[in-house]
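The values are calculated or read from the model by the stated rules, or taken from the named source; none is laboratory data. Since we're looking at a predicted model, the values are computed, not measured. Here Cβ is always computed from backbone atoms with ideal geometry, including for glycine, and neighbour counts include all displayed protein chains.
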Amino acid sequence: MSGHNKWSSIKHKKGAADAKRGKIFSRISKEIIIAAKEGGGDPDLNARLRSAVAAAKAANMPNDNIDRAIKKGLGGGEGTQMDSLTYEGYAAGGVAVIVNCLSDNRNRTAADIRSFFTRHNCNLGNNGAVSWKFHRKARFVIEGPDADEEKLFNLLLEGGADVEDISVDDGVAEITAAPEAFSDILKILEENKIQATESTITLIPENTTVVSDINVARSVQKFLDALEDYDDAQEVVNDMELSDEVAEQLAAEEEE
């Protein structure tokens, strides 16, 4: 998973560099919506929702926005019922991409996603085209002094959490586990006052597609950025692993 972690770190740094309040709120709102939709609207009984609400408060999101997102996830509040939609396909270099959307208009979203794939010379496939390459996992990202592999390992081991992997790269720790372990891990982090900058249940590739051509990497990144900026997109995942040389080039370009 080292390649995937490397790409995640690059994307994380990029997000930290160019994040805007509205975009942060939009991303968190989507997580609140899907968490409420899947597990109910009570944060005390829904660990994923509790984590999303904590992230919202850390980002100073108004309580009205939080309540509105929860109601939307439950099918109430403003607007109509939101549907969960999934689209799969391939980007340049054979990179597998999955886009999970929340939409109040299935036809509009389908047309928009099709347009994204067409404009970026990517191939939209049928359901199941690439999803077999991914597994749903609980994922936590921790920064700062708490991003210590030994410390996190001991805390989670003592707490009885079933963790699959802990990795630390450039001051950013990533914890992955089975989805069923999400609540246990979150509880242990909360009890030890460790704030995760990201805590979600997401899709992670079993194997990666290595990209060693800088032009292909730029093309894929441009496509992924466009998808992530799309209002209906709730989650965009891929299996790209950058070669060390290409990763360094992209990181340097992001800092310019």
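In segment 220-254, which residues are free of Cβ contacts under 8 Å to residues at least 40 places away in the same chain and over 18 Å from I24 (Cβ atoms)?
Q221, S243, D244, E245, V246, E248, Q249, A252, E253
For segment 179-236, which positions are in a strand (DSSP E or B), among the small types (G, A, S) and either modelled with pLDDT of 95 or more or in contact with a Lys or Arg (Cβ under 7 Å, 6 or more places away or on another chain) (or both)?
Scanning segment 179-236 gives no hits.
Suppose we keep only residues that are of a type outside the set (S, T, N, Q) and surrounded by fewer than 19 Cβ atoms within 10 Å (Cβ to Cβ) within segment 202-219. Which one would you say is farthest from I28 (Cα to Cα)?
Kept after step one, since they are of a type outside the set (S, T, N, Q), are these residues of segment 202-219: 203-206, 210-211, 213-214, 216-218.
Next, only the ones that are surrounded by fewer than 19 Cβ atoms within 10 Å (Cβ to Cβ) stay: 206, 210, 213-214, 216, 218.
Working: E206: 26, V210: 30, D213: 33, I214: 31, V216: 30, R218: 26 Å.
Within segment 202-219, the match that is farthest from I28 (Cα to Cα) is D213.
What do you reckon, is D170 modelled with pLDDT under 95, closer than 22 Å to A36 by Cβ and in contact with a Ser or Thr (Cβ under 8 Å, 6 or more places away or on another chain)? Please lay out each step first, then the result.
On the way: modelled with pLDDT under 95: yes; closer than 22 Å to A36 by Cβ: no; in contact with a Ser or Thr (Cβ under 8 Å, 6 or more places away or on another chain): yes.
Answer is no for this residue.
Restricting attention to segment 126-137, does a residue exist that is over 20 Å from P179 (Cβ atoms), assigned to a helix (DSSP H, G or I), touching a residue at least 24 places away in the same chain (Cβ under 8 Å) and touching an Asp or Glu at 6+ places or on another chain (Cβ under 7 Å)?
No, the conditions are met nowhere in segment 126-137.
Within segment 72-87, take every residue that is surrounded by fewer than 20 Cβ atoms within 10 Å (Cβ to Cβ) and either at pLDDT 90 or above or among the hydrophobic types (A, V, I, L, M, F, W, C) (or both) and give me the one that is nearest to W132 (Cα to Cα).
Filtering segment 72-87 down to residues surrounded by fewer than 20 Cβ atoms within 10 Å (Cβ to Cβ) leaves 74-81, 83-86.
If we keep only those that are either at pLDDT 90 or above or among the hydrophobic types (A, V, I, L, M, F, W, C) (or both) too, we end up with 74, 85-86.
On the way: L74: 29, L85: 17, T86: 13 Å.
Result: T86.
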